[in-house]
Amino acid sequence: MLQLFNTMSRSKETFTPLNGKEVRLYSCGPTVYNNAHIGNLSTYVVVDLFKRYLSYRGYSLLHVMNLTDVDDKTIRASRNEGVPLAELTQRYTAGFMKDLESLNIGHADNYTAATEHIDDMISLIETLVEKGFAYESEGSVYYKIAMFPEYGKLAGLDLEGMLDGARVDNDEYAKESARDFALWKAWTEEDGDVFWESSWGRGRPGWHVECSAMAMKYLGETFDVHTGAVDLIFPHHQNEIAQSEAATGKPYVKYWLHREFLNIGGSKMAKSTGNMSTLSEIGRTPADIKAFRYLVVATHYRTGLNFTEEVLEAAKSTMRRLTNLLDRLETVDSSGGAAQVSDSIVRTRQLFIEHMDDDLNTARAVADMFELVQETEGWLSQGALTTESATALYDFFQELNQVLGIFYTLPEEEGEVSLSEDLADLIQRREQARKNRDWSEADQLRDELLAEGIAIKDTAKGTEWERV
RNA sequence: GGCGGCAUAGCCAAGUGGCUAAGGCACAGGAUUGCAAAUCCUUGAUCCCCGGUUCGAAUCCGGGUGCCGCCUCCA
């Protein structure tokens, strides 16, 4: 039985979807005003891993992810650049999709853009006003948190303690209480041509209401799983609960999954402070990008990951070993091996599932895989595999890869089967030097190739190269 | 000020009462190689500190120290 840590109960719970084997899942997506940083992306890798595991275990999925394409930051960025809002958000949406592809993240069934669901948000806000959970003030509409007794529960905060905290926003004179949050923001001059008409006048929706409206539209008033990173627990997800449950009178979400932060230099990444890296900054080669995916996958999602160049290099080494193993399995051609691989495969599968079932304990699940990796390496070096047993092992590693998603080919790798003439020529000259036993010449050429990013290895089958 | 998390070998990271404390990376020694790469073999920690509970604790309790996060836009 799959156990998941539910933020609401702060404990692991047996996962039982509302409707049999169907899982309805909502993930808070990006605000598309900038390139995503690797912290953002790591959260989507975790969601992808979760989805893959659910599929592996026979669940069917309906997954919705929002794209926040109107808010303070998108408007500010579009003003700063002097481009229309839609142009800006389309550009970064495209960038986001490319990052997802680079990281082998499967698509959601629906990416819902906020600007295409303004009517849904307005009607949700109207319901909240009618029911007395929200009030209009100076053209804006605010949620009255005093009306929602369980406000703060998701984050383990109690209202009184929060009010003592003193760090409240004093700019919002229009609100009855400093903690009330905006559902609808009245148009201001900075918004330019970004506004929608409503019964409260021109304006735009608040951020929190966007997720409630779109999640419920596509997944129903109560759905199974809602994901995000830990920073969204409060206030964003708490506000979603307050809005949705006040409007429907029903529970909003059954399981809340939150990913711990990925840090850089020991502290959190944030676009606002500049302490961040994008995928293209850390991923100069396909190997870097795939190593990043491995790194995220192999670390437990509720454990913080401190990203450094060093851990990325370690992940690259690990991936080299794994891809090397798959290559070796593919080339086994023997009928005389004696290894009994099926018991090992069955045992590994069982352990893998047992550990993934434990709140997606990928650290252990990957270790389980490595037990078999080590065993397989032993068989290979002893020549103990038949073609059939090698294929069985290869297929099983691909089976695990259905969940882990670490073995894949990036678009830019497709055309990598040949080298430029210059580089091919260098390799030829080195081959000649080696035939002549001119080792110093050969070694020098090897260094030149390495400087061009080409690593050379002389194998029994001849000289091979790869980009590093 | 309030709330929460973490501290395990050089680095990353499992394990939450009991066999020899998983796994990965790095390093070192050996085999192989023209030299490398790859591959194969071998080697490392008593678990932040102090006290307590227990036959027995990395694992539970109390205290301390350090780091991180949330309470405000934020994956």
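Just to be sure before I move on: is A:VAL230 β-branched (Val, Ile, Thr), more than 14 Å from A:GLY29 (Cβ to Cβ) and touching an Asp or Glu at 6+ places or on another chain (Cβ under 8 Å) in the structure I sent?
For A:VAL230, the condition - β-branched (Val, Ile, Thr), more than 14 Å from A:GLY29 (Cβ to Cβ) and touching an Asp or Glu at 6+ places or on another chain (Cβ under 8 Å) - is met.
Based on this model, can you work out whether A:ARG328 counts as in contact (Cβ under 8 Å) with a residue 24 or more places away in the chain, under 17 Å from the mean Cα position of the chain (by Cα) and part of a helix (DSSP H, G or I)?
Spelling it out, it is not the case that A:ARG328 is in contact (Cβ under 8 Å) with a residue 24 or more places away in the chain, under 17 Å from the mean Cα position of the chain (by Cα) and part of a helix (DSSP H, G or I).
Go through region A:243-274 residue by residue and tally those that are acidic (Asp, Glu) and within 24 Å of A:LEU183 (Cα to Cα).
So the count comes out to 1.
Does region A:4-19 contain any residue that is part of a strand (DSSP E or B), open to solvent by less than 10 Å² (accessible area, probe 1.4 Å) and more than 9 Å from RNA strand B (Cβ to nearest atom)?
For region A:4-19, residues part of a strand (DSSP E or B), open to solvent by less than 10 Å² (accessible area, probe 1.4 Å) and more than 9 Å from RNA strand B (Cβ to nearest atom): present.
Please state which of the following conditions A:GLU87 fails to meet, knowing it meets all the rest: (1) within 13 Å of RNA strand B (Cβ to nearest atom); (2) of a type outside the set (S, T, N, Q); (3) free of Cβ contacts under 8 Å to residues at least 12 places away in the same chain.
Of (1) within 13 Å of RNA strand B (Cβ to nearest atom); (2) of a type outside the set (S, T, N, Q); (3) free of Cβ contacts under 8 Å to residues at least 12 places away in the same chain, only one is false for A:GLU87: (1).
Going through region A:245-263 one residue at a time, which ones are open to solvent by 30 Å² or more (accessible area, probe 1.4 Å), touching a residue at least 40 places away in the same chain (Cβ under 8 Å) and not in a helix (DSSP H, G or I)?
Matches in region A:245-263: A:LYS254, A:GLU260, A:PHE261, A:ASN263.
When the residues of region A:59-75 are filtered to those that are of a type in the set (Ser, Thr, Tyr) and more than 12 Å from RNA strand B (Cβ to nearest atom), which remaining residue is nearest to A:ILE118 (Cα to Cα)?
Restricting attention to region A:59-75, the residues satisfying the condition of being of a type in the set (Ser, Thr, Tyr) are A:59-60, A:68, A:74.
If we keep only those that are more than 12 Å from RNA strand B (Cβ to nearest atom) as well, we get A:59-60.
On the way: A:TYR59: 32, A:SER60: 29 Å.
Here the answer is A:SER60.
Among the candidates A:SER344, A:SER335, which residue alone is in a helix (DSSP H, G or I), more than 9 Å from RNA strand B (Cβ to nearest atom) and not assigned by TED's automatic domain parsing to the domain that holds A:ASN263? First the steps, then the outcome.
Details: A:SER335 fails: in a helix (DSSP H, G or I).
That would be A:SER344, the only listed residue that is in a helix (DSSP H, G or I), more than 9 Å from RNA strand B (Cβ to nearest atom) and not assigned by TED's automatic domain parsing to the domain that holds A:ASN263.
For the condition exposed (fewer than 11 other Cβ atoms within 10 Å of the Cβ), within 25 Å of A:GLY283 (Cβ to Cβ) and acidic (Asp, Glu), what is the one hit in A:GLU421, A:GLU414?
Testing whether each residue is exposed (fewer than 11 other Cβ atoms within 10 Å of the Cβ), within 25 Å of A:GLY283 (Cβ to Cβ) and acidic (Asp, Glu) leaves just A:GLU414.
The values are calculated or read from the model by the stated rules, or taken from the named source; none is laboratory data. Everything numeric in this text was worked out from a predicted model, so none of it was measured. Please note: Cβ atoms are built from the backbone with ideal geometry, for glycine as well, and neighbour counts cover all protein chains shown. Keep in mind that these areas ignore ligands, DNA and RNA; they rest on the heavy atoms of the full protein, side chains included. Shrake-Rupley method; radii C 1.70, N 1.55, O 1.52, S 1.80 Å.
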